[in-house]
Structures are given as C-alpha cells and as structure tokens.
Amino acid sequence: MLEGIFRILSDAIYFNLIKEDRYMLFIDGLKVTIQLTVFAAIIGIIIGLVMAIAKLTNNKILNRIATIYTDVIRGTPSVVQLIVIYYAILGSSQLPKLLVASLAFGINSGAYVTELIRAGILAVDKGQMEAARSLGLSYAQAMRYVIVPQAIKNILPALVSEFIMLLKETAVAGYIALDDLTRAGNIVRGRTFDPYTPFILVALIYLYITSMLTAFMGRLERRLRQID
Amino acid sequence: MIKVVDLHKSFGNLEVLKGINTEIQKGEVVCVIGASGSGKSTFLRCLNLLEEPTKGEIYIDGISLVEHKKDINRLRQKVGMVFQQFNLFPHMTVLENIMLAPVKVKRIPEEEARRKAIELLRKVGLSDKDDVYPSQLSGGQKQRVAIARALAMDPEVMLFDEPTSALDPEMVGEVLAVMKQLALEGMTMVVVTHEMGFAREVGDRILFMDEGVILEEGTPEELFGNPKKERTRAFLSKVL
Ligand SMILES: Nc1ncnc2c1ncn2[C@@H]1O[C@H](COP(=O)(O)OP(=O)(O)OP(=O)(O)O)[C@@H](O)[C@H]1O
Ligand SMILES: [Mg+2]
C-alpha cells in the first residue's frame with residue numbers, strides 16, 4: 001500500500017520534472033512570471049502616481065482623463081485588456097512580447113494603484129493640510145513634508161497586497177503565448193497527459209511567493225504602526 | 001493692523017458670513033463669541049484665507065489678501081493659527097513640528113531654528129518633550145506645542161479657534177495661561193472662545209457674532225455688563 005503511493009509519487013515527479021529536464025520549463029516560466037510582475041508593478045506605480053495626482057488636482061480636464069482611465073480599466077477584464085493591447089501594439093511594432101505584456105499589466109495595475117494612492121492621501125486628516133498651509137508652506141511643500149509621509153503608511157501595505165493580486169493576474173499571459181509559469185504547467189501537462197501534478201506544482205510555487213509577500217506585508221504594517 | 005470690509009462667505013447656497021466689518025489694532029486682543037454655527041470659525045479662517053471670501057476685502061498691514069492670493073504663502077507667515085484639534089504633525093517630533101516651517105519656508109539654518117524652537121518650548125512651559133512624538137503628549141501639552149509652532153514663524157497676529165474646547169477641563173488652565181502671557185507681551189490676537197472668563201479678563205474687545213454678522217461689540221465691561229441687543233443678552237444668559 002505504502003509502496004504503491006510511493007511509486008505513484010516518484011513516477012509523477014519523474015515524468016513531470018526530471019524527464020527531458022522538464023523542471024527547467026517551470027524555472028523558466030517562473031522567471032518570466034517574476035519579470036512580468038516586477039516590470040508591471042513598476043509601470044503601475046508610475047502610472048498610479050501620475051493619475052492619482054491628476055485626480056487630486058483641481059484641473060477638470062485632468063480629473064476627467066484620470067477618471068475615464070480608472071473606470072475603463074477597472075470595469076473590464078484584464079484578459080481582454082491584455083489581448084487588445086497586445087494586438088494594438090504588436091500589430092504596429094516588433095516589441096518583445098514580455099515588454100508588451102508588462103505594459104498591459106502595468107496599465108491594468110496602475111488603475112488600482114491610482115485608487116490606493118488617492119485613498120491613502122484623502123485618508124490623511126484635513127487639518128494637517130490646513131495646519132501646514134497656515135504656517136506658510138506651499139501646497140507642494142505641504143504635500144511633500146506633511147501629507148505624503150503620513151499617506152505612505154496607509155498606502156504601502158495596500159500596495160503589497162495589490163502586487164500579490166498582480167502576480168496572480170499575470171497567469172493569463174499565456175493568452176498571448178508568453179511562456180509564464182502557468183503556461184509551463186500547461187506545456188508539461190501536454191507532454192505527460194497528467195492533468196494534476198503540473199498544476200499542483202504551479203499552484204504551490206504561486207502560493208510560496210504570495211505567502212512570502214503576505215508575511216512581508218504583515219511585517220511592514222507592524223513596522224509602520226510602531227512609528228506612530 | 002487687520003481691516004475687514006464687508007466680508008461675505010457662502011458655501012454653495014448657504015450664506016455663512018453676511019457682511020463683516022471690523023478693524024483690529026496692533027497689540028489688541030479680540031475675543032469672538034457667539035452661538036454654534038454663527039460663523040465664528042469661518043470668519044477666523046478667512047483671515048488667513050483658509051476659506052476664500054465670496055465678497056469683500058481683508059487688509060493686513062494695508063495689503064489686500066484677496067488681491068494678493070498669489071503671495072498668500074508669504075502673507076500667511078504673518079498670521080499664526082491655532083486649531084481646536086491641535087493638528088500637530090504626528091510623524092514628526094515636537095521639535096521637528098516647530099522647526100518645519102522656519103526651515104522650509106523661511107530658510108532659517110537648522111541649528112538656529114532648533115535653538116529658537118527649544119526656546120519657544122520653554123516659553124510655553126515644556127522642557128523635556130523636545131524629541132517626543134505628539135501622540136505621547138496630553139491634550140494641553142499638544143496645544144502648547146501648537147502655539148509654539150505658530151510662534152516660530154514670528155507672526156504679527158495669532159488666530160485661535162476654540163483652542164481649549166477639545167481639552168479635558170483640568171488642562172484648560174495651562175493653555176489659557178500661555179495665551180494670557182502672550183497677550184501681556186503685546187501679541188495681537190483674535191480668539192474664538194467659549195471661555196467667557198478668559199474673554200472678560202484678557203480681551204480688550206469682544207465681538208458677538210450672530211447669524212453671520214457682528215451683532216454687537218465692545219469692551220468686556222460693556223458687552224458682559226450691559227449688553228444692548230436682546231440676542232446678546234439671551235446668549236450670555238445661557239453661557240454665563
Ligand atoms: N466647508 C464648509 N462647507 C459647507 N458648510 C460649511 C463649511 N464650513 C462651515 N460650514 C457651515 O457654516 C456655518 C458656520 O460654521 P462655523 O464653523 O463658522 O460656525 P462656528 O460659529 O464656528 O460654530 P462652532 O461654535 O460650532 O464652531 C455652519 O452652518 C456650518 O455648517
Ligand atoms: Mg467653530
């Protein structure tokens with residue numbers, strides 16, 4: 001009995017990981033997933049910062065643009081956005097697929113980051129801006145020295161949680177034939193005809209990374225709370 | 001020093017200030033009293049343009065605030081403000097709170113600003129709190145730090161919006177004592193307050209606000225001793 005289980009397990013490992021160096025498919029896929037997530041996160045933060053400022057200023061046109069952006073992105077599925085951006089951009093250029101996908105996921109994540117930053121800044125008590133302005137600080141100085149340092153405490157943990165979401169979202173990158181971690185599982189399944197093992201492995205890898213990020217977020221939150 | 005001419009302020013359809021006229025002399029302590037919602041805070045906040053007047057003029061040292069909106073950061077340095085909720089910066093120590101504006105706005109060297117900040121803290125009666133964060137202070141201590149922070153910009157006039165209303169009763173005295181000391185030193189002050197004892201003792205002039213206008217004004221003796229308007233009498237009978 002025990003021997004039977006052992007046999008099944010070792011077969012599963014042999015066929016899904018060892019034979020033809022298939023573990024390399026998972027490792028390469030993981031690399032793509034991580035690169036994609038990191039690039040998209042950076043693009044998302046930059047877009048999010050710009051759009052949050054656009055939403056918070058008194059300029060009607062900028063407000064409008066930022067609102068349309070966040071509404072469209074948050075109101076449509078990310079797979080659809082990915083495919084549209086992929087064909088829109090790749091149709092006219094020879095950019096590497098990884099870059100196009102990073103851009104697509106960055107634009108997607110940016111909408112959520114915009115809202116996080118905006119909410120984080122609005123959560124700072126109104127009296128803080130008033131006190132700063134009453135001392136003669138300009139709006140920009142008040143933002144820089146008084147509002148943003150306090151808003152960061154609200155924003156950072158939420159940002160980590162957004163990037164955990166982003167990491168999982170990138171699993172649809174296979175739609176544009178990008179060989180990410182999820183697609184590696186698919187490729188191995190196609191070779192071994194074992195529907196379970198490759199995806200259990202894939203799931204475990206995602207779970208490992210997300211739980212590390214979650215633990216990091218917890219530590220960060222505690223740290224930030226201590227400063228108060 | 002401050003001249004207010006026909007000041008109006010509306011929030012949407014709600015007209016909160018309906019034509020305020022008054023003049024505040026250098027060194028004068030003016031106390032503003034009146035029922036809740038009568039527009040006291042709004043009036044005070046107009047004096048440093050935290051609220052933008054809908055109509056009318058405010059002159060400080062002869063300079064029109066409304067016409068010099070672009071210079072507002074420089075004009076605000078002349079006007080210190082102390083809030084009911086203190087509004088200390090929670091991520092900065094007491095000293096950093098006081099030094100921020102002198103260093104960033106007036107570009108005073110950090111060492112000099114620090115020396116001045118410590119001096120001001122002593123003046124408001126705090127000696128061992130320099131490197132403490134606001135959350136570790138009592139309400140009365142917070143408000144005294146806030147006063148020191150406003151004084152650090154060497155303002156010509158200080159505005160106080162119910163500076164003791166958020167305090168536990170046993171802490172009101174220490175804050176009022178600091179304000180009284182300031183008044184004795186000749187600071188020009190406009191104080192919105194419910195502390196009638198303070199208004200009577202320290203105020204040179206009392207403004208009674210009612211529904212967006214200054215209904216009655218006069219020395220404490222005149223206003224508390226012999227109020228002319230019916231509404232003033234009604235208000236005073238409730239609070240005294
Ligand atoms: N930003 C604002 N937007 C809309 N209405 C406001 C705003 N600020 C004040 N008001 C309204 O203006 C009126 C006067 O408010 P204000 O705060 O000046 O009164 P107050 O005399 O200071 O009262 P209190 O003694 O309660 O502090 C109130 O009806 C208030 O609801
Ligand atoms: Mg008020």
What are the residue pairs meeting all of these: first residue in segment A:1-21, first residue within 22 Å of A:R183 (Cα to Cα), second residue aromatic (F, W, Y) and modelled with pLDDT of 85 or more, Cβ atoms under 7 Å, and 6 or more apart or on different chains?
A:L17/A:Y23
Taking the options A:L36, A:L49, name whichever one is surrounded by fewer than 16 Cβ atoms within 10 Å (Cβ to Cβ) and touching a helix residue (DSSP H, G or I) at 6+ places or on another chain (Cβ under 8 Å).
A:L49
Of those in segment A:125-150 that are touching a strand residue (DSSP E or B) at 6+ places or on another chain (Cβ under 9 Å) and in a helix (DSSP H, G or I), the residue farthest from the other protein chains (Cβ to nearest Cβ) is A:E130
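Here is a check on your reading of the model: is B:N21 within 19 Å of B:I63 (Cβ to Cβ) and under 11 Å from the mean Cα position of the chain (by Cα)? Talk me through it step by step, then tell me what you get.
Values: within 19 Å of B:I63 (Cβ to Cβ): yes; under 11 Å from the mean Cα position of the chain (by Cα): no.
For B:N21, the condition - within 19 Å of B:I63 (Cβ to Cβ) and under 11 Å from the mean Cα position of the chain (by Cα) - is not met.
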Need at least 2 residues that are more than 16 Å from ligand 1 (Cβ to nearest atom) and at negative phi per element, so show me which strands (runs of 3 or more DSSP E) inside segment B:14-119 make the cut, counting only ones lying wholly within it.
B:14-24, B:55-60, B:79-82
Out of (1) surrounded by 19 or more Cβ atoms within 10 Å (Cβ to Cβ); (2) at pLDDT 95 or above, the one B:H8 does not meet is (1)
Quick one: in segment B:156-165, which of the residues that are within 16 Å of ligand 1 (Cβ to nearest atom) and outside any strand (DSSP E or B) is surrounded by the fewest Cβ atoms within 10 Å (Cβ to Cβ)?
B:S165
Given the conditions (1) in contact with a strand residue (DSSP E or B) (Cβ under 6 Å, 6 or more places away or on another chain); (2) surrounded by 17 or more Cβ atoms within 10 Å (Cβ to Cβ); (3) not hydrophobic (A, V, I, L, M, F, W, C), every one holds for B:H91 apart from (1)
Out of all the residues in segment A:31-75, which are under 13 Å from the mean Cα position of the chain (by Cα) and within 12 Å of A:R118 (Cα to Cα)?
A:G48
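Going by what's in this entry, would B:S10 be described as more than 14 Å from chain A (Cβ to nearest Cβ), within 15 Å of ligand 1 (Cβ to nearest atom) and out of contact with any helix residue (DSSP H, G or I) (no Cβ under 8 Å at 6 or more places or on another chain)? Can you show your working first?
Values: more than 14 Å from chain A (Cβ to nearest Cβ): yes; within 15 Å of ligand 1 (Cβ to nearest atom): yes; out of contact with any helix residue (DSSP H, G or I) (no Cβ under 8 Å at 6 or more places or on another chain): yes.
So B:S10 passes the test.
Every residue in segment B:166-195 that is within 16 Å of ligand 2 (Cβ to nearest atom) and either assigned to a helix (DSSP H, G or I) or within 14 Å of another protein chain (Cβ to nearest Cβ) (or both), please. Show your work before the answer.
Our first condition is that a residue be within 16 Å of ligand 2 (Cβ to nearest atom); within segment B:166-195, this holds for B:166-167, B:190-195.
Within segment B:166-195, B:A166, B:V190 qualify.
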Criterion violated by B:R107 - all others in (1) within 18 Å of A:A132 (Cβ to Cβ); (2) surrounded by 15 or more Cβ atoms within 10 Å (Cβ to Cβ) satisfied:
(2)
Consider only pairs whose beta carbons are under 7 Å apart and that are at least six residues apart or on different chains; among these, list those whose first residue lies in segment B:164-189 and is closer than 20 Å to B:V79 by Cβ and whose second residue is surrounded by fewer than 18 Cβ atoms within 10 Å (Cβ to Cβ).
B:V178/B:G125; B:G186/B:G27; B:T188/B:M1; B:T188/B:K26; B:T188/B:G27; B:T188/B:E156
Would you confirm, using the coordinates I've provided, whether B:P227 is in contact with a helix residue (DSSP H, G or I) (Cβ under 9 Å, 6 or more places away or on another chain) and within 16 Å of ligand 2 (Cβ to nearest atom)?
no
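Residue by residue, here is whether (1) within 14 Å of chain A (Cβ to nearest Cβ); (2) buried (at least 19 other Cβ atoms within 10 Å of the Cβ); (3) within 16 Å of ligand 2 (Cβ to nearest atom) holds:
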residue: B:G19; (1), (2), (3): no, no, no
residue: B:A35; (1), (2), (3): no, no, yes
residue: B:S38; (1), (2), (3): no, yes, yes
residue: B:L44; (1), (2), (3): yes, yes, yes
residue: B:P53; (1), (2), (3): no, yes, no
residue: B:R74; (1), (2), (3): yes, no, no
For segment B:125-136, check the following and say yes or no: at least one residue is at pLDDT 95 or above, within 12 Å of chain A (Cβ to nearest Cβ) and under 21 Å from the mean Cα position of the chain (by Cα).
yes
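Take segment B:201-221 and flag every residue that is in a helix (DSSP H, G or I) and in contact with a strand residue (DSSP E or B) (Cβ under 8 Å, 6 or more places away or on another chain).
Pass one, segment B:201-221, residues in a helix (DSSP H, G or I): B:201-202, B:220-221.
Listed by number, the residues that qualify are B:V202, B:P220.
The values are calculated or read from the model by the stated rules, or taken from the named source; none is laboratory data. Bear in mind the structure is a predicted one, so any value in this text is a computation, not a measurement. Positions of Cβ are generated from backbone atoms using ideal geometry, with glycine treated the same way; all protein chains shown enter the neighbour counts.
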